[in-house]
Amino acid sequence: MTAVAAPQLATGHIGLNVADLNRSVEFYRSALGFEPLGASADGDKKWAFLGVDGKLLVTLWEQSAGTFSTETPGLHHLSFQVDTIEQVRAIEAVLRAQSVPFAYDGVVAHGEGAASGGIFFTDPDGIRLEIYAPTGAEGASAPSGGAPTCGFF
């Protein structure tokens, strides 16, 4: 079988199933600064498109019950990159003021001695989220030692 050369791919948006659309929209808006780009609450087909500066990042679909399961195949976590570790800490402060549950206390490195690192937390449906910066976490602890921190929370 001959392999086909893949085109240059980039992640588009991420679609998440949520249990309560209004609750999730408010979380992503207030905690992460996403702006609504479109929505529908028409009958049983409720959804919202969220982004930053007009760019679609996350779509929310109210078609689930319960909470996110880490026990079944599928999404492991959703990660957002920012430019600086100070931006990570600013988002952390907003999340803490909202009593959002964290996997680790504060900024942690992606691995022992890594410069990149961030914060790990969950949204209202228990979906695991990460905000990280590519540098600035030098000297921060790595909860999983040499294993990737983001893989084991």
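Scan the range 6-27 and report the pairs whose first residue is surrounded by 15 or more Cβ atoms within 10 Å (Cβ to Cβ) and whose second residue is among the small types (Gly, Ala, Ser), with Cβ atoms within less than 7 Å and a gap of 6+ or a chain change.
Final answer for the pair search is 17/64; 18/24; 18/64; 19/64; 19/65; 19/66; 21/48; 25/48.
So which pairs qualify, if the first residue must be in the range 39-55 and free of Cβ contacts under 8 Å to residues at least 40 places away in the same chain and surrounded by 10 or more Cβ atoms within 10 Å (Cβ to Cβ), the second must be among the hydroxyl-bearing types (Ser, Thr, Tyr) and in a strand (DSSP E or B), the Cβ gap must be under 7 Å, and the two must be at least 6 apart or on different chains?
That search, which allows pairs on different chains as well, returns 46/40; 47/40; 47/59; 49/59.
FYI, it's all coordinate maths here, none of it is from the lab. Being a predicted model, the structure only gives us computed values, none of them experimental. Heads up, the Cβs are rebuilt from the backbone with ideal geometry, glycines too, and the neighbour counts pull from every protein chain shown.
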